[in-house]
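J.: First the structure, which I've put down as structure tokens, then a few questions once you've had a look.
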Amino acid sequence: MNIQTFPISGPVLILPQVHGDSRGFFMESFKSSTYKDLGIPELFRQDNHSKSAKNVLRGLHYQAPPMDQGKLVRVTRGSVLDVAVDIRKNSKTYGQHISVVLTEENHEIFWVPSGFAHGFLTLEDDTEFLYKVTNEYSKESEGGILFDDIDLAINWGLPSKDCIISPKDKILPKWKDFESPF
């Protein structure tokens with residue numbers, strides 16, 4: 001296993017060792033003893049699985065304390081542009097983001113710790129996105145930031161008008177109106 005770190009502390013991209021042959025492949029997608037050394041918790045409270053058409057954009061979402069969530073995300077079919085925005089008020093990188101491309105071919109796994117807003121854009125039809133979270137979902141704790149806010153300057157690689165977005169995500173607050181709970 002190899003890892004990639006970023007100028008923003010906390011998130012980690014995991015490049016697992018994939019063993020393939022004529023039968024297919026095998027990889028360890030989670031191993032607590034290995035991930036613990038990366039600062040990834042050993043205990044996850046919920047697993048989620050979504051399937052989306054091409055150009056579906058989900059996010060930018062977070063769960064506020066005490067129900068805040070770290071997310072261990074990966075793609076098992078298709079591909080996504082995955083984004084994490086630092087919303088930790090005392091962080092030197094507050095408001096900055098990381099973007100990675102996760103695909104079924106690269107098998108990469110992205111750790112997005114608590115204190116980050118998270119979102120993804122599907123790049124192919126029938127994309128399946130799996131993620132483990134460190135806390136159960138709580139409607140009362142959910143929050144978000146508008147995905148295409150110019151102050152965040154996230155390059156989604158697609159005009160906003162071409163993204164398929166839920167009505168709820170279209171009305172999330174802009175960065176200038178956002179008050180971080182972290």
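J.: Find the residue count for the range 99-115, including only residues that are among the acidic types (D, E) and closer than 14 Å to V133 by Cβ.
T.: 0
J.: Restrict the check to the range 134-152 and report whether at least one residue is outside any loop (DSSP other than H, G, I, E, B), more than 16 Å from L60 (Cα to Cα) and either of a type in the set (A, V, I, L, M, F, W, C) or without any contact (Cβ under 8 Å) to a residue 12 or more places away in the chain (or both).
T.: Looking for residues that are outside any loop (DSSP other than H, G, I, E, B), more than 16 Å from L60 (Cα to Cα) and either of a type in the set (A, V, I, L, M, F, W, C) or without any contact (Cβ under 8 Å) to a residue 12 or more places away in the chain (or both), one finds none in the range 134-152, hence no.
J.: While we're here: Are any residues in the range 167-182 part of a loop (DSSP other than H, G, I, E, B) and either surrounded by 12 or more Cβ atoms within 10 Å (Cβ to Cβ) or of a type in the set (F, W, Y) (or both), and if so, which ones?
T.: Of everything in the range 167-182, those that are part of a loop (DSSP other than H, G, I, E, B) and either surrounded by 12 or more Cβ atoms within 10 Å (Cβ to Cβ) or of a type in the set (F, W, Y) (or both) turn out to be L172, P173, K174, F178, S180, P181, F182.
J.: Let me ask another. Take the residues of the range 75-85 that are surrounded by fewer than 24 Cβ atoms within 10 Å (Cβ to Cβ) and of a type outside the set (A, V, I, L, M, F, W, C): which is nearest to L172 (Cα to Cα)?
T.: S79
J.: Then there's this: Considering L60, L72, which residue is buried (at least 19 other Cβ atoms within 10 Å of the Cβ), under 20 Å from E128 (Cβ atoms) and at pLDDT 95 or above?
T.: Going through L60, L72 in turn, just one is buried (at least 19 other Cβ atoms within 10 Å of the Cβ), under 20 Å from E128 (Cβ atoms) and at pLDDT 95 or above: L72.
J.: Taking the options E128, E124, name whichever one is touching a His at 6+ places or on another chain (Cβ under 8 Å), in contact (Cβ under 8 Å) with a residue 40 or more places away in the chain and surrounded by fewer than 21 Cβ atoms within 10 Å (Cβ to Cβ).
T.: Only one candidate qualifies: E128.
J.: Failed condition for I40, given (1) in contact with a Ser or Thr (Cβ under 8 Å, 6 or more places away or on another chain); (2) modelled with pLDDT under 95; (3) surrounded by 13 or more Cβ atoms within 10 Å (Cβ to Cβ), with all others met?
T.: Among (1) in contact with a Ser or Thr (Cβ under 8 Å, 6 or more places away or on another chain); (2) modelled with pLDDT under 95; (3) surrounded by 13 or more Cβ atoms within 10 Å (Cβ to Cβ), I40 violates only (1).
The values are calculated or read from the model by the stated rules, or taken from the named source; none is laboratory data. As the structure is a computational prediction, the values presented were derived from the model and not from experiment. Glycine gets a Cβ as well: all are built from the backbone with ideal geometry, and neighbour counts include every protein chain shown.
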